[in-house]
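Before any comments, here is the structure.
All of the numbers you see were taken from the coordinates with simple rules; none came from a lab. Remember, predicted model here, so these are calculated numbers, not experimental data. Here the Cβ positions follow ideal geometry from the backbone for every residue, glycine too, while neighbour counts run over all protein chains shown.
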Amino acid sequence: MKRKSIGARHEMIVQPTFIIGTFNQDGTPDFAPITWVSKTCEEGDTCLIVISMYGTKQTKQNVLRTGQLTVNLATTGMLPLVDYFGQTSGKEGLKDALPYAWGRALWVEAPTLDESPWVCECQVASQVATGESDTFFCRIRDVQVDEEIDVGGWGVDLTAFDPVIYSGYYHSLGKYLGAIGDFYQK
Ligand SMILES: Cc1cc2nc3c(=O)[nH]c(=O)nc-3n(C[C@H](O)[C@H](O)[C@H](O)COP(=O)(O)O)c2cc1C
């Protein structure tokens, strides 16, 4: 194979699409898709979710103010919501042009999306500013999943959740292929 240079592009660094839920100052909910999401290990089994936000979007202002948020997995059925939330700002008013149900998180002051089958409740532990972006290192308070989905002890079959993957374009996920050790026995 001969590769060609395409410049400093980052679209291949992808994760499932998450919709971040926060409360505005007046107590109304705001939701926005954020795909610059990763994780790091603090110590032992304690994992921090790393979420990066650019500019002055409402979600970022809410997180800077409250330090509390929910991370709602977006499924393919939620694509109209992803597309809508991502093209509108809470700075312009309540996002209510599409119908959706929401509730209050159990452990943090933030809204959750009823339709999401995987919801993570987070509290900001620390943050780093890089230029116009702020990156939040978030401690996980709790994760709630659709009761119908068996998540087992470790690992998760992503296909059961049917997530949206975003690379600049929206994608769905392919097949479940196996676990570590299924392709090479040490
Ligand atoms: C699929 C998708 C992924 C996005 N990912 C990010 C992201 O990772 N970081 C970011 O700052 N903005 C991201 N955005 C842009 C925000 O969702 C967008 O600015 C939104 O209008 C913010 O709404 P808010 O002002 O109510 O927070 C994404 C948008 C879409 C459609």
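Each part reduced to its alpha carbon centroid, region 125-186 and region 22-63 end up 15 Å apart. The relative contact order of the chain comes to 23 percent, based on Cα pairs under 8 Å that sit 6 or more residues apart. When the chymotrypsin sites (Phe, Trp or Tyr not before Pro) in region 154-186 are filtered for DSSP coil states and for at most 16 other beta-carbon atoms within 10 Å of their beta-carbon, the remaining sites are W154, Y169, Y176, F183, Y184. Rounded, prolate or oblate: which fits region 18-171, taking a ≥ b ≥ c as square roots of the Cα gyration tensor eigenvalues, rounded meaning a/c under 1.5, else prolate when a/b beats b/c? Judged from the Cα gyration tensor, region 18-171 comes out rounded (a/c under 1.5). Taking 4.7 Å between beta carbons as the limit, the unpaired Cys residues of the chain are C41, C47, C120.
Distant-in-sequence amide contacts of A110, defined by a placed amide H-H separation under 5 Å and a gap of 5 or more residues or a different chain, comprise A105. In the chain, excluding the sites themselves, the longest stretch lacking any of the GluC sites (Glu not before Pro) that are in a DSSP loop with at most 14 other Cβ atoms within 10 Å is 12-131. Cross-link partners of K91 among aspartates and glutamates, defined as those whose alpha carbon lies under 19 angstrom from its own and excluding same-chain residues fewer than eight positions apart: D26, D30, D83, E132, D134.
Here the Karplus relation 6.51 cos²θ - 1.76 cosθ + 1.60, evaluated at θ = phi - 60°, turns the backbone of region 141-154 into coupling constants of 8, 6, 10, 10, 10, 3, 4, 6, 9, 8, 9, x, x, 8 Hz, with x for every Gly and Pro. Across region 35-51, rounded Karplus estimates of 3J(HN,Hα) from the backbone phi angles (6.51 cos²θ - 1.76 cosθ + 1.60, θ = phi - 60°) give 10, 7, 10, 8, 8, 8, 9, 7, 6, x, 9, 7, 10, 10, 7, 10, 10 Hz, Gly and Pro being marked x.
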